[in-house]
Amino acid sequence: MKRWVLTLALLAPLAAGCQEDLASPGRCPELCPGNAIVVRDTVIEATAGGDSSYVGYTPRTARRILLVSNGLSAGEYRSFVVFPKNKRDSVNVDGTNRPFIIDTVALSFVIEARDTLAKALRLDLYRIPITTDTTVSFVGLDTLLNPAALIDSIVVADSVKSGRVQVAITGDRIAPFLPAAADSGQLGVGIAVRADRPTGVRLSMPPELTTVGAAPLFEYRGIAEGVVDTAKRRQRIQVQPNRVASTGYVTDTDLAANRDPDLLYVGGPSAARSLLRFSIPPFIRDTAQIIRATLTLTPAGPLAGLPNSRGGDSVSAFGLVVDLGAKSPTTTFGAPPQGRLADGSADEIPVDVFSLVANWGTTSGSPQAIFLQLSTETLGGGFMQPVFRSTRSAVGKPRLRITYGIPAKSGQP
Amino acid sequence: MIARGSFRPLALATLLALLGGGALGAQSSQFGIRGLGIPIRPLSPRALAVGGAFGMFDIESSQNPAATASTIQFAALFTNTQNFRRSSNPFGSASGYDNRFPQLMVTGPIGGTNLAAAISLSGYLDRSFSLGTRDTIDIRGVPVGVFDTLSSRGGLTDIRLATGWQVTPTFHLGLGLHAITGLTRFENRRDFADSTFAPIVERSEVSYLGLGLSAGFTLRPVRRLTIAGAYRNDGHLDIDRDSTRIAKTDLPAGVSAGIRWQASEKVMWAASAHRRSWKSADADIRAQNGIGAENTIELATGLEFVRDPKNAGHRPWRFGVHYATLPFPFTSGDQPTEFGISAGTGIRFTQGRGGLDLTVQQIFRRSNGGFKENATVVSLGVSIRP
């Protein structure tokens with residue numbers, strides 16, 4: 001008993017814990033010892049001659065989108081899809097092959113982005129040779145998309161901003177849709193677009209060609225003969241593209257293909273990227289704490305893209321793991337900073353790159369460089385191919401605006 | 001009669017175990033913002049209950065090394081303090097609380113001699129505070145709201161090794177060696193109303209080291225009266241920020257005197273006075289952009305009513321008051337003051353081997369310019385005499 005009392009006596013104060021609230025009313029600098037934190041702002045231009053553009057980061061076979069346009073200032077785009085052989089004489093119902101009577105043929109695509117102000121949007125579908133692949137040129141494909149080859153059109157309601165759209169053919173009009181005997185059941189489709197104004201559409205073309213998801217679909221719909229269960233009599237057989245070399249888009253505009261060495265290119269069919277290098281003064285890196293960093297890019301001219309589209313266009317800024325020029329590996333921590341690109345605008349583009357510049361603070365930190373790429377590069381590009389002024393430009397050089405705090409060296413009496 | 005004990009490994013183990021319980025120091029205060037902090041009185045709960053007046057005679061306090069000579073058995077003391085305060089100044093009011101362990105001590109006689117020794121860890125100065133302030137500044141040509149927080153945790157600790165000598169049963173001498181050490185962690189933070197600006201956070205550690213000496217006596221010229229005196233000089237303090245020497249500051253010398261009168265078997269009265277020459281730190285603190293420092297005095301008096309003279313520590317009543325000036329002003333020439341009233345009691349159990357002492361202080365601190373603070377400080381002391 002006595003030991004218990006002694007133990008409790010010892011533990012009682014400890015049980016009281018160590019929570020604390022040290023708040024005192026005050027206002028600096030009247031009451032605070034030491035100096036106040038000083039906030040400064042400075043602008044640093046990119047290292048002269050240290051910026052370059054490179055191309056070829058995304059092969060044509062890696063594209064995950066289809067681009068089609070008509071009269072768009074960003075350029076003309078056409079797309080193509082080759083569907084593989086689709087069995088159409090029988091269908092398997094509950095483990096038994098049944099004769100299949102086709103009454104409808106459908107083609108469908110998933111719209112990712114469109115000009116929401118464009119009215120009477122139509123996707124024109126043309127039969128093209130099944131041998132069409134990613135080696136086709138814009139002129140070569142465009143020539144194939146002539147009135148004689150027109151199969152039908154998908155009429156897109158003005159209210160549809162995104163999602164799957166289709167054309168379904170019934171009756172006698174099915175015939176043009178059916179693959180020719182010489183094509184071994186395969187169907188090649190070229191895609192163009194038109195509306196009440198110059199416009200464009202971005203269609204989904206997922207790389208996972210074995211899953212339905214958002215892929216283009218070629219469907220036969222009809223009746224399975226001999227099936228008693230009426231709920232199972234109506235069947236559909238669908239197929240989607242299964243060869244990456246047999247899908248894609250072509251364009252007549254590739255700004256980076258013949259690039260001006262004094263400008264910086266991003267995006268486009270060539271998948272261009274631009275590398276910027278900076279030199280932050282040691283005073284800021286060693287002594288100050290950077291609290292905001294904004295990269296300012298100046299377009300070489302008005303930006304041209306798909307207007308009024310969901311999500312719009314943007315340029316992404318990546319840090320480097322190590323500076324190896326064109327082949328520099330980029331950092332992959334979190335979402336990269338992005339700058340919005342507005343169609344028709346030549347205004348400066350601000351990109352908040354604090355998350356990148358914060359890693360430049362130490363001598364062992366990341367290289368003081370930023371890789372620019374189109375945010376949709378991983379999809380295979382986009383309509384917009386932004387071109388920016390470089391350090392060799394007379395005005396509008398790429399620059400960083402850095403806001404930083406200078407420590408107060410607290411601890412003074 | 002309890003047999004005399006002496007230092008044992010258990011004693012040190014107990015002390016170390018108690019040290020693990022939390023930070024050393026005393027209560028935080030807005031009056032610890034300036035200078036080196038707010039001074040801590042190295043007193044046991046029993047001494048605090050009588051305003052500090054027993055400190056010059058109390059073996060569980062660290063004011064007078066000669067008091068150590070009165071030790072007749074090994075004892076360990078551990079003190080826990082809960083501090084609840086309300087601070088106000090021209091910029092607003094705020095309430096706060098904290099928990100500290102301001103006084104740890106192990107003491108015991110040295111066998112076969114008239115000597116006794118004590119090791120104690122006491123709060124010396126506390127510099128724990130947190131200040132918040134709002135403002136608007138122009139960044140990139142745009143007004144941006146900012147919220148600044150300056151916080152400090154820590155302070156200085158006095159580690160004392162004291163020896164007391166019973167020259168005669170009525171005359172004791174003592175000598176103390178003091179190591180004044182400690183660490184203050186500062187965090188200076190600025191948050192922005194515009195979240196596109198990252199917070200600025202500056203952290204630094206300021207460490208201190210100094211050495212001091214103290215000497216004292218107690219004398220009982222007549223049966224009911226005891227007087228005491230002590231002198232202490234703390235030399236100077238080396239101050240490092242993040243391992244870099246930034247300053248050297250003189251610490252004060254001080255003289256103390258005390259008187260204790262045993263009015264009857266059940267009533268004891270005491271008074272004490274202390275003067276410390278903090279002005280010696282004035283030039284050094286000003287050189288570090290501080291406001292400065294002033295000499296201080298402390299006066300204390302109190303009574304203890306004992307119920308059972310054979311077990312004096314069991315359920316007594318203690319009352320006291322104290323008045324002190326504080327060394328570090330908010331503005332030059334306006335020296336803060338502190339006035340406190342206190343009361344306490346205690347129990348002894350297991351034949352006096354264990355003890356609990358409880359003290360409640362109501363402290364009022366004031367300074368010109370509208371600086372006020374009312375604090376309620378609850379101290380609990382645990383003593384062990386194995």
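Just a few scattered comments:
- Condition check for B:Gln27: modelled with pLDDT under 95, in contact with an Asp or Glu (Cβ under 9 Å, 6 or more places away or on another chain) and part of a loop (DSSP other than H, G, I, E, B): yes
- Among the residues listed as B:Ala375, B:Ala312, B:Ala300, the single one being within 24 Å of B:Ala49 (Cβ to Cβ) and either touching a Lys or Arg at 6+ places or on another chain (Cβ under 7 Å) or of a type in the set (Ser, Thr, Tyr) (or both): B:Ala375
- Strands (runs of 3 or more DSSP E) (entirely within the stretch A:310-354) containing at least 3 residues that are within 14 Å of chain B (Cβ to nearest Cβ): A:349-352
- Any chance A:Ser393 is in contact (Cβ under 8 Å) with a residue 24 or more places away in the chain and away from chain B (no Cβ under 14 Å): yes
- When B:Ala66, B:Ala53, B:Ala117 are checked against the criterion of being at negative phi, surrounded by fewer than 24 Cβ atoms within 10 Å (Cβ to Cβ) and either under 13 Å from the mean Cα position of the chain (by Cα) or not aromatic (Phe, Trp, Tyr) (or both), a single residue qualifies: B:Ala117.
- Of the residues making up the stretch A:338-358, those that are in contact (Cβ under 8 Å) with a residue 40 or more places away in the chain and over 12 Å from A:Ile291 (Cα atoms) are A:Gly339, A:Leu341, A:Asp343, A:Gly344, A:Ser345, A:Ala346, A:Asp347, A:Glu348, A:Ile349, A:Pro350, A:Val351.
- Residues satisfying the stated conditions in the stretch B:239-261, i.e. crowded, with 17+ Cβ neighbours inside 10 Å, assigned to a strand (DSSP E or B) and more than 11 Å from chain A (Cβ to nearest Cβ): B:Asp250, B:Ala253, B:Gly254, B:Ser256, B:Gly258, B:Ile259, B:Arg260
- If the condition is being among the hydrophobic types (A, V, I, L, M, F, W, C) and touching a strand residue (DSSP E or B) at 6+ places or on another chain (Cβ under 9 Å), then the stretch A:29-59 contributes A:Leu31, A:Cys32, A:Ala36, A:Ile37, A:Val38, A:Val39, A:Val43, A:Ile44, A:Ala46, A:Val55.
- In the stretch B:326-366, residue nearest to B:Leu104 (Cα to Cα) [restricted to those that are of a type in the set (Asp, Glu) and in contact with a Lys or Arg (Cβ under 7 Å, 6 or more places away or on another chain)]: B:Asp357
- Where strands (runs of 3 or more DSSP E) fall wholly inside the stretch A:1-98, the ranges with 1 or more residues that are within 14 Å of chain B (Cβ to nearest Cβ), modelled with pLDDT of 80 or more and over 30 Å from A:Leu372 (Cα atoms) are A:38-45.
- Residue count for the stretch A:259-288, restricted to those that are in a loop (DSSP other than H, G, I, E, B) and not aliphatic (A, V, I, L, M): 11
- Boolean, B:Glu373 is in a strand (DSSP E or B), within 11 Å of chain A (Cβ to nearest Cβ), crowded, with 18+ Cβ neighbours inside 10 Å and of a type outside the set (A, V, I, L, M, F, W, C): yes
- Against the criterion of being under 26 Å from the mean Cα position of the chain (by Cα), closer than 30 Å to B:Gly164 by Cβ and within 12 Å of another protein chain (Cβ to nearest Cβ), B:Leu125 qualifies.
- Test result for A:Leu144, farther than 20 Å from A:Arg88 by Cα and in contact with a Pro (Cβ under 9 Å, 6 or more places away or on another chain): yes
- Residues satisfying the stated conditions in the stretch A:120-160, i.e. surrounded by 13 or more Cβ atoms within 10 Å (Cβ to Cβ), under 25 Å from the mean Cα position of the chain (by Cα) and part of a loop (DSSP other than H, G, I, E, B): A:Asp133, A:Thr134, A:Val136, A:Asp158, A:Val160
- The residues on offer are B:Thr107, B:Thr113, B:Thr149, B:Thr133, and the sole one that is within 23 Å of B:Asp234 (Cα to Cα) and either in contact (Cβ under 8 Å) with a residue 12 or more places away in the chain or more than 11 Å from chain A (Cβ to nearest Cβ) (or both) is B:Thr107.
The values are calculated or read from the model by the stated rules, or taken from the named source; none is laboratory data. Computed from a predicted structure; not experimentally measured. Here Cβ is always computed from backbone atoms with ideal geometry, including for glycine, and neighbour counts include all displayed protein chains.
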